[in-house]
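Shown next, in structure tokens, is the structure this report addresses.
The values are calculated or read from the model by the stated rules, or taken from the named source; none is laboratory data. Fair warning: this is a prediction, and the values are worked out from it, not measured in the lab. Note that each Cβ is placed from the backbone with ideal geometry, even for glycine, and that neighbours are counted across all protein chains shown.
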Amino acid sequence: MLAENIFLKIINKEIPARIVHEDEHCLAFQDIHPQAPVHILIIPRKEIRTHADITEADRAMLGHLHLVAARVAQEQGLTAGYRLVVNCGQGGGQAVPHLHVHLLGGRAMSWPPG
Ligand code: 5GP
């Protein structure tokens, strides 16, 4: 079972987060346990549990998340490149049941991921 949706509390400003971008569709904030010098989570305001739950109605919002990720990556100075990750479901390593894109950078990335 996935844990509770702590990101809703961040969206609703019930718990603090180091927010680097916020607009009507999404928030981007620093991960509490960074796995790289830059580790930012980009999340939609809309409650979507996993990547497997996206629908046609989410098309524009999903594109927006990517545009925000690219803009934040630029703002963070990730000129050497970066990695975007979406973990989906328990088997995909997802812990928080609210769709999110990890933006990781500032170090060399290896492949395959763990
Ligand atoms: P997942 O494993 O679900 O793809 O990633 C969830 C991410 O959320 C993890 O990298 C974890 O460190 C981060 N995280 C969990 N709880 C909090 C929190 O309360 N605040 C912030 N900023 N990040 C969190």
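So the values come out like this:
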{"item": "Matching residues, the range 33-45, being in contact (Cβ under 8 Å) with a residue 12 or more places away in the chain and either touching an Asp or Glu at 6+ places or on another chain (Cβ under 8 Å) or under 18 Å from ASN87 (Cα atoms) (or both)", "result": "GLN35, ALA36, VAL38, HIS39, ILE40, LEU41, ILE42, ILE43, PRO44, ARG45"}
{"item": "Among the residues listed as LEU8, LEU41, LEU84, the single one being aliphatic (A, V, I, L, M), more than 9 Å from the ligand (Cβ to nearest atom), within 28 Å of MET109 (Cα to Cα) and outside any loop (DSSP other than H, G, I, E, B)", "result": "LEU84"}
{"item": "Some residue of the range 91-103 being assigned to a helix (DSSP H, G or I), farther than 21 Å from ILE11 by Cα and at pLDDT 95 or above", "result": "yes"}
{"item": "Residues being surrounded by 12 or more Cβ atoms within 10 Å (Cβ to Cβ) and under 27 Å from GLU47 (Cα atoms) - total across the range 94-114", "result": "11"}
{"item": "Count of residues meeting criterion [part of a loop (DSSP other than H, G, I, E, B), within 14 Å of the ligand (Cβ to nearest atom) and farther than 16 Å from LEU99 by Cα] in the range 21-35", "result": "4"}
{"item": "Count - residues of the range 90-114 that are free of Cβ contacts under 8 Å to residues at least 60 places away in the same chain and within 14 Å of the ligand (Cβ to nearest atom)", "result": "6"}
{"item": "Single match in ARG49, ARG59 (criterion: within 12 Å of the ligand (Cβ to nearest atom) and either touching a residue at least 12 places away in the same chain (Cβ under 8 Å) or assigned to a helix (DSSP H, G or I) (or both))", "result": "ARG49"}
{"item": "Residue in the range 22-36 that is in contact with a Gly (Cβ under 8 Å, 6 or more places away or on another chain) and crowded, with 17+ Cβ neighbours inside 10 Å present", "result": "yes"}
